[in-house]
Amino acid sequence: MGSITYIGLAYGTLAAANELVDATPMEGFDNAALDALLELNTKGLKSTAILALGYRDLKTDWLLKLQKVRAPVQELVTTLE
């Protein structure tokens, strides 16, 4: 998959977050089936990734109750001077 795909997924994910919409990029799907369903081949296109968008079910999402774990910024970032 080309880097342009990841740039598009990043922008889409950020735009969704800005609108308070949940989003997750996905790979590993049946590209040929999706291409046929959306008739992408007639447009000279081919699917490489999917960006799923939606809203979580607040009543049944068990992950909402879990404590968020964040690494300290010092472990993630190196400052060059």
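Mind counting the residues in segment 32-56 that are modelled with pLDDT of 90 or more and either exposed (fewer than 10 other Cβ atoms within 10 Å of the Cβ) or not hydrophobic (A, V, I, L, M, F, W, C) (or both)?
Of segment 32-56, the ones modelled with pLDDT of 90 or more are 32-55.
When the remaining residues are screened for being either exposed (fewer than 10 other Cβ atoms within 10 Å of the Cβ) or not hydrophobic (A, V, I, L, M, F, W, C) (or both), the result is 35, 39, 41-44, 46-48, 54-55.
Residues meeting the conditions: 11.
Return the residues of segment 25-45 that are within 18 Å of the chain's Cα centre (by Cα) and part of a loop (DSSP other than H, G, I, E, B); say none if nothing qualifies. Steps first, answer last, please.
First, the residues of segment 25-45 that are within 18 Å of the chain's Cα centre (by Cα): 25-31, 34.
If the condition is that a residue be within 18 Å of the chain's Cα centre (by Cα) and part of a loop (DSSP other than H, G, I, E, B), then Glu27, Gly28, Phe29, Asp30 are the ones that fit.
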Scanning segment 29-59 for residues that are hydrophobic (A, V, I, L, M, F, W, C) and either within 29 Å of Glu19 (Cα to Cα) or touching a helix residue (DSSP H, G or I) at 6+ places or on another chain (Cβ under 6 Å) (or both) gives Phe29, Leu34, Leu37, Leu38, Leu40, Leu45, Ala49, Ile50, Leu51, Ala52, Leu53, Leu58
*asked:* Tell me whether segment 9-16 contains one or more residues that are touching a strand residue (DSSP E or B) at 6+ places or on another chain (Cβ under 8 Å) and not aliphatic (A, V, I, L, M).
replied: yes
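Does segment 37-81 hold any residues that are in contact with a strand residue (DSSP E or B) (Cβ under 8 Å, 6 or more places away or on another chain) and of a type in the set (D, E, K, R), and which are they?
First pass over segment 37-81, keeping only residues in contact with a strand residue (DSSP E or B) (Cβ under 8 Å, 6 or more places away or on another chain): 49-56.
Residue satisfying the conditions is Arg56 alone.
Considering every residue within segment 11-24, establish whether at least one is among the small types (Gly, Ala, Ser), surrounded by 10 or more Cβ atoms within 10 Å (Cβ to Cβ), in contact (Cβ under 8 Å) with a residue 24 or more places away in the chain and in a helix (DSSP H, G or I).
Looking only at segment 11-24, we keep the residues that are among the small types (Gly, Ala, Ser), and these are 12, 15-17, 23.
Still in the running and surrounded by 10 or more Cβ atoms within 10 Å (Cβ to Cβ): 12, 15-17, 23.
Keeping just the survivors that are in contact (Cβ under 8 Å) with a residue 24 or more places away in the chain gives 12, 16, 23.
After this cut, where a residue has to be in a helix (DSSP H, G or I) as well, the list is 12, 16.
Yes, segment 11-24 contains at least one residue that is among the small types (Gly, Ala, Ser), surrounded by 10 or more Cβ atoms within 10 Å (Cβ to Cβ), in contact (Cβ under 8 Å) with a residue 24 or more places away in the chain and in a helix (DSSP H, G or I).
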Pairs returned, first residue in segment 36-60 that is within 21 Å of Gly2 (Cα to Cα), second residue that is of a type in the set (Ser, Thr, Tyr) and surrounded by 11 or more Cβ atoms within 10 Å (Cβ to Cβ), beta-carbon separation under 6 angstrom, 6 or more apart or interchain, are Thr48/Thr5; Ala49/Thr5; Ala52/Thr24
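The values are calculated or read from the model by the stated rules, or taken from the named source; none is laboratory data. Just so you know, these numbers come straight off a predicted model, no measurement behind them. Cβ sites come from the backbone with ideal geometry, for glycine too, and all protein chains shown count toward neighbours.
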